């Protein structure tokens with residue numbers, strides 16, 4: 001079923017919208033959740049929460065790209081679940097590993113006073129990423145947005161794992177230099 005038709009079902013409040021969403025995007029959303037949570041039960045619960053949030057939000061929003069909209073919801077719900085579950089300790093997950101790789105580039109403090117700065121930082125990161133070749137940008141997004149394991153990023157782009165690691169390292173170093181040049185203290 002086409003995305004437009006699924007969105008129309010949400011607008012009509014037809015419960016078939018959820019089953020069609022699950023059929024079309026269930027595996028995609030589960031992968032995003034699992035990469036962050038490293039637990040299939042928690043991932044399944046998060047994906048179900050995604051369907052509920054989509055059900056409650058789509059009648060007021062008309063997403064342009066349903067997959068992106070659902071992926072963003074799943075990612076945020078998964079990160080919230082990860083933080084709740086791991087307040088005192090970090091459990092091994094691709095999300096935790098990918099965050100530790102970025103620690104040299106970006107600090108992890110999140111206070112209310114810094115919300116504007118975080119938005120500007122996100123814009124600066126996006127600006128930097130758009131200066132990169134598509135291959136480097138896509139591996140970076142795959143690793144740090146979708147929290148894909150390096151092995152999967154390498155398979156997806158037909159590269160060796162050492163090449164992906166090297167490309168990610170160079171991208172992180174370039175990002176760090178770019179952010180320092182833009183006035184960010186790292």
Taking Cα atoms only, helix 115-129 is inclined relative to the longest principal axis of the chain by an angle, in degrees rounded to 10, of 80 degrees
If each part is reduced to its alpha-carbon centroid, segment 121-186 and segment 11-59 end up apart, in Å, by 27 Å
Ranked on Cβ counts within 10 Å of their own Cβ, fewest leading, 150, 79, 36 go 79, 150, 36
Here FRET efficiency (C-beta to C-beta, residue 44 to residue 151, R₀ 22 Å, nearest 0.05) is 0.45
Between the Cα axis of helix 66-85 and the main Cα principal axis of the chain, the angle (0 to 90°, nearest 10) is 70 degrees
FRET efficiency (residue 65, residue 15; Cβ distance; R0 22 Å; to 0.05) is 0.45
Stretched fully, the stretch from residue 120 through residue 181 gains (0.36 nm per residue minus C-alpha distance, one decimal, in nm) 20.5 nm
Longest principal axis of the chain (C-alpha) makes with the long axis of helix 40-57 (C-alpha) an angle, in degrees to the nearest 10, of 70 degrees
Candidates for Rg/Rh (Cα atoms, Kirkwood Rh) are (1) 0.92; (2) 0.99; (3) 1.26, and the calculated one carries label (2)
Label model pair residue 53, residue 101: point-to-point distance (7 angstrom along the Cα→beta-carbon line) in nm is 2.4 nm
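Every number here is computed from the coordinates shown, using simple stated rules; none is lab data. The model shown is predicted, which means the values in this text are computed figures rather than measured ones. All Cβ positions, even for glycine, are placed from backbone atoms using ideal geometry, and neighbour counts span all protein chains on display.
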